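The block underneath contains the structure these notes are about, expressed in structure tokens.
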Amino acid sequence: GAGARTAQPQLEDVSLAYLPRNVAPEILSITILPPGVGLQQQLQFQTDPNIESAGLDPSLFGMVSQTPPRRLFQRGARSLQWQSEDRNGDTLEYAVFYHSLGETNFRLLKDHIRETFFTVDAASLADGRYIFKVIASDALDNPTGSALSGERLSEAVDIDNTPPVLRAVGSASVAGDRVRAVFEVEDATGRIKRADISVDGGTWREVFPDDGIADGPRERFSVDLLIEGPGEHTISLRAYDNSNNVGTISVTVRR
């Protein structure tokens with residue numbers, strides 16, 4: 001008779017645990033915002049504490065809002081925004097460094113940044129031109145030794161906390177109800193952006209330099225004004241540089 005047939009072992013399933021190769025994060029671009037624009041993190045939705053205690057990702061429940069930062073006026077601020085990418089989907093942390101154009105070594109401004117922006121308090125830096133460096137690290141999601149980083153340099157950025165210097169050229173000349181005054185305006189770090197004039201504390205109105213456009217580090221303004229009534233009159237000029245610092249000067253004339 002036929003003997004009993006022995007069952008052949010079969011492979012049902014294979015499970016393989018492996019650690020995927022880590023890929024370095026990248027900073028794709030850095031944008032420098034105009035002077036005086038500060039950035040602030042928007043308020044996020046309140047996270048349900050039960051989700052956190054269960055060890056679940058709040059984003060699964062739509063509880064985390066990745067809203068862009070709010071812009072607010074902050075005198076002297078220079079803000080950086082950057083775009084980053086990590087093809088492993090790792091959580092990234094950032095550090096911002098700086099050096100002036102005359103230096104070679106970078107100095108740390110702030111590290112352990114989770115947002116993709118940073119506002120520099122320009123008052124903490126001397127006037128001059130600076131390069132900023134942003135470094136992205138995936139150390140939060142990778143064991144020591146396999147964490148990687150990527151970096152990018154910004155374009156050169158002017159830091160200017162000093163207002164323009166204004167001076168009167170000669171004495172103002174008065175002829176009847178007309179007065180002519182000449183001013184020179186100079187800015188050591190930046191360039192002159194605009195100027196306004198006022199007579200006897202009246203409304204400020206824009207005036208233009210002799211060459212037609214305010215765009216250089218030194219500009220001359222020759223102004224012809226109408227003054228009403230005898231006695232003393234005050235002529236005031238205010239000038240802004242491209243970092244929104246303002247300088248003023250006043251001269252008194254007698255009709």
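The values are calculated or read from the model by the stated rules, or taken from the named source; none is laboratory data. Keep in mind that what you see is a predicted model, and the values were worked out from it rather than measured. Cβ: placed from backbone, ideal geometry, glycine included. Neighbour counts: every protein chain shown. Keep in mind that these areas ignore ligands, DNA and RNA; they rest on the heavy atoms of the full protein, side chains included. Shrake-Rupley method; radii C 1.70, N 1.55, O 1.52, S 1.80 Å.
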Handout entry: Qualifying residues in the stretch 176-203 (those that are free of Cβ contacts under 8 Å to residues at least 40 places away in the same chain and open to solvent by 70 Å² or more (accessible area, probe 1.4 Å)) - the one farthest from Arg255 (Cα to Cα)
Key = Glu186
Exercise for the section: Could you tell me whether any residue of the stretch 161-168 is open to solvent by 60 Å² or more (accessible area, probe 1.4 Å), under 26 Å from Arg194 (Cα atoms), part of a strand (DSSP E or B) and touching a Gly at 6+ places or on another chain (Cβ under 8 Å)? Expected result: yes
Exercise for the section: Could you tell me which residue of the stretch 176-208 is farthest from Pro163 (Cα to Cα), considering only residues that are of a type in the set (Asp, Glu) and assigned to a loop (DSSP other than H, G, I, E, B)? Expected result: Asp177
Fill in the blank from the handout: Counting only residues that are open to solvent by less than 40 Å² (accessible area, probe 1.4 Å) and either more than 15 Å from Tyr98 (Cβ to Cβ) or under 14 Å from the mean Cα position of the chain (by Cα) (or both), the stretch 115-130 contains a total of 7
Exercise for the section: Would you check if Pro230 is modelled with pLDDT under 90 and in contact with a Lys or Arg (Cβ under 8 Å, 6 or more places away or on another chain)? Expected result: yes
Handout entry: Tally, over the stretch 131-160, of residues that are crowded, with 16+ Cβ neighbours inside 10 Å and of a type in the set (S, T, N, Q)
Key = 4
Fill in the blank from the handout: Note on the stretch 135-160: residues among the small types (Gly, Ala, Ser) and part of a loop (DSSP other than H, G, I, E, B) are Gly145, Ser146, Ala147, Ser154, Ala156
Handout entry: Ser171 being part of a strand (DSSP E or B) and either in contact (Cβ under 8 Å) with a residue 12 or more places away in the chain or open to solvent by 70 Å² or more (accessible area, probe 1.4 Å) (or both)
Key = no
Practice task
Just give me the residues in the stretch 76-88 being part of a strand (DSSP E or B) and buried (at least 18 other Cβ atoms within 10 Å of the Cβ), in sequence order.
Solution key: Ala77, Arg78, Ser79, Leu80, Gln81, Trp82
Problem - Subset of the stretch 89-109 that is surrounded by 15 or more Cβ atoms within 10 Å (Cβ to Cβ) and either of a type in the set (S, T, N, Q) or touching a residue at least 40 places away in the same chain (Cβ under 8 Å) (or both) - its residue that is farthest from Ala136 (Cα to Cα) - result: Ser100
Problem - strands (runs of 3 or more DSSP E) contained in the stretch 210-255 and holding at least 2 residues open to solvent by 30 Å² or more (accessible area, probe 1.4 Å), under 15 Å from Leu166 (Cα atoms) and of a type in the set (Lys, Arg) - result: 218-226
Completion exercise
The number of residues in the stretch 100-135 that are touching a strand residue (DSSP E or B) at 6+ places or on another chain (Cβ under 7 Å), within 23 Å of Arg71 (Cβ to Cβ) and aliphatic (A, V, I, L, M) is 6
